[in-house]
Amino acid sequence: MTLSEPEKHCFSAPGKALFAGGYLVLYPENSSFVTALSARIYAVAAESSSLDPALPTVTVLSPQFQEGEWSYTLSKSDSTGFVTVAALVPSRKNPFVHAAVTTVLNYLSATGALATPIPSVTVNILSDNAYHSQPSEDVPKFNKHAQAISDVPKTGLGSSAALTTSLTAALLSYYSSKAADKPLSLEERKDVLHNLAQVAHCTAQGKVGSGFDVACAVYGSIVYRRFLASIISAIPAVPTTGDAGFESAYLDALRTTIDSDWSVGTGKCTVPPRMRLLMGDVSGGSETPAMVQMVQRWRKEGGATAESTWVSLGKANQSLISAMIGLQVEAEKDPAGYNGVLDQISDSAAGCAGIKALGASKGSLLGDLLVQAVDSMADIRFHLRAMTTGSGAQIEPVEQTKLLDACNELPGVFGGVVPGAGGYDAICLLVAEATVDRVRAATGSEFKNVKWLDLREESVGVRKEPFASLAEYL
């Protein structure tokens with residue numbers, strides 16, 4: 001960087017897969033296993049100039065998509081400190097970008113950490129190809145599309161959460177660097193970043209969601225327990241009338257909320273060594289909001305049967321989480337013994353039934369944990385099928401049941417589930433890493449519609465990136 005070049009604030013955030021916890025993740029008493037994926041969205045912020053110094057701007061560019069530019073003017077009230085963020089082209093909307101800019105700037109203003117005059121900034125966004133459907137497998141990195149971002153089908157990896165988180169991190173870093181006080185590091189303010197990104201994401205969606213996707217984008221692979229919805233609901237709507245009372249109330253509530261302890265469960269949990277999550281895109285379609293409504297109605301009206309299924313599913317999720325954590329501990333405590341068992345699994349052609357039999361034959365804690373992992377995934381599927389039948393929501397539809405059953409016979413497969421809310425979109429398998437290529441090569445009518453995604457678990461959440469790795473794409 002030469003003396004004339006502005007400092008670059010580069011951050012990325014990962015996608016997600018909700019491996020265990022669909023539907024139950026909406027309730028704070030339940031734990032869910034969310035894994036971060038290697039698909040990332042990058043945000044690069046740098047100072048820019050405004051045509052009118054008295055009217056600073058934020059410009060967000062997404063060069064991979066047509067009409068991928070969103071520009072806003074910033075106006076700060078002298079009396080309240082509220083920052084109005086107005087779109088230069090009102091017809092060109094991106095609610096997640098607008099909400100992130102509004103939330104970050106007003107939080108910094110409310111805490112006295114926003115420089116005056118407000119400096120202008122340009123943020124470039126780059127999205128890994130896995131987030132959107134591609135015309136073929138042979139496309140360049142950060143492939144460019146001929147359509148607007150809203151017209152390119154998404155793959156369900158949490159693009160809005162990764163975008164909101166990376167953009168929030170870049171804006172927070174950039175504007176904090178302009179303040180008089182020494183800015184805190186990413187690690188020192190990760191909880192603030194999480195809370196800001198959650199508020200922005202919920203504002204953009206117009207509702208308080210489960211939040212697991214944003215939490216994963218910030219913290220990486222985690223055992224997630226949701227915050228109380230009332231925490232975000234306490235923030236008034238973003239003022240639009242210029243009323244000083246409304247603006248002051250909004251700023252006070254925003255600052256108090258962001259700086260408070262949300263008691264979010266974010267304990268670390270990763271896929272054990274030499275195992276891998278393998279995602280399969282089934283190219284179907286599911287209406288998640290409608291499915292959630294059907295499940296909630298079933299739980300309310302289904303009586304003791306529905307409640308028993310709900311509780312049992314929660315126990316199965318927790319059993320899988322404890323098995324994953326236990327296997328990680330065993331791998332660290334006795335690497336030779338752990339690797340020996342994984343070698344046996346990898347060298348054999350055993351599917352989940354054979355892996356379970358091998359584990360049972362060991363007469364050890366490691367063997368018991370392997371059995372527990374296999375059984376837990378089978379139990380999760382059993383209870384999800386019961387929910388499918390009871391609610392009418394196609395959580396594990398018949399086609400997915402046949403596909404997952406066939407996958408369970410493949411070498412090195414410990415089991416699999418329909419991730420997240422389920423449906424026809426995808427499957428997710430836990431596989432011995434050495435057998436992944438054999439699973440990918442599986443033939444047969446059951447696998448004809450499966451596209452195995454080139455993704456890996458990536459335990460790290462939001463992180464700072466070197467600009468040099470992105471410069472050629474901007």
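Summing Cβ point charges (Lys, Arg +1; Asp, Glu -1) relative to the Cα centre of the chain gives a dipole of roughly 420 debye. The calculated 222 nm mean residue ellipticity attributable to helices in the chain amounts to -13000 deg cm²/dmol, summing -39500 (n - 2.57) over DSSP H runs of n ≥ 4 and dividing by all residues.
List the GluC sites (Glu not before Pro) in region 186-293 that DSSP assigns to loop (not H, G, I, E or B) and whose Cβ has at most 12 other Cβ atoms within 10 Å. Which are they? For GluC sites (Glu not before Pro) across region 186-293 that sit outside H, G, I, E and B with at most 12 neighbouring Cβ atoms in 10 Å, the list reads 187, 188. Loop sites by DSSP among the trypsin sites (Lys or Arg not before Pro) of the chain, restricted to those with at most 13 other Cβ atoms within 10 angstrom, leave 208-447 as the longest stretch without any of them. Within the assembled protein chains, the solvent-accessible surface assigned to residue 467 is about 70 Å², based on a 1.4 Å probe. Compared with the dominant Cα axis of the chain, that is its longest principal axis, helix 244-258 is turned about 40°. Annotation for region 80-127 versus region 159-210: alpha-carbon center distance of 12 Å. Mind checking the log10 I(q)/I(0) for the chain at q = 0.09, 0.11 Å⁻¹? Debye, one equal scatterer per Cα, no solvent, two decimals. Treating every Cα as an identical point scatterer, log10 I(q)/I(0) equals -0.64, -0.92. Centre-to-centre separation between the Cα atoms of region 1-74 and those of region 399-474: 25 Å. Note that region 76-88 has calculated 3J(HN,Hα) couplings of 9, 5, 5, 8, 10, x, 5, 9, 7, 10, 10, 5, 5 Hz, one per residue in order, obtained from phi through the Karplus relation 6.51 cos²θ - 1.76 cosθ + 1.60 (θ = phi - 60°); glycine and proline are x.
What the phi angles of region 431-441 give under the Karplus curve with 6.51, -1.76 and 1.60, with θ = phi - 60°, is a coupling list of 10, 4, 4, 5, 9, 4, 5, 5, 5, 4, 7 Hz, glycine and proline written as x. Residues 399, 301 ordered from highest to lowest accessible area at a 1.4 Å probe: 301, 399. Helix 288-301 and the longest principal axis of the Cα set of the chain meet at an angle near 60°.
The candidates 164, 266, arranged from most to least accessible area with a 1.4 Å probe in the full protein assembly, appear as 266, 164. Using Cα-Cα distances under 8 Å and only pairs 6 or more residues apart, what relative contact order does the chain have, in percent? Here the relative contact order equals 22 percent.
The values are calculated or read from the model by the stated rules, or taken from the named source; none is laboratory data. Predicted model, so just to flag it, every value in this text is computed and none were measured. With ideal geometry, Cβ positions are generated from the backbone for all residues, glycine too; neighbour counts draw on all protein chains shown. Areas reflect the complete protein model, heavy atoms only, side chains present, ligands, DNA and RNA absent. Shrake-Rupley method; radii C 1.70, N 1.55, O 1.52, S 1.80 Å.
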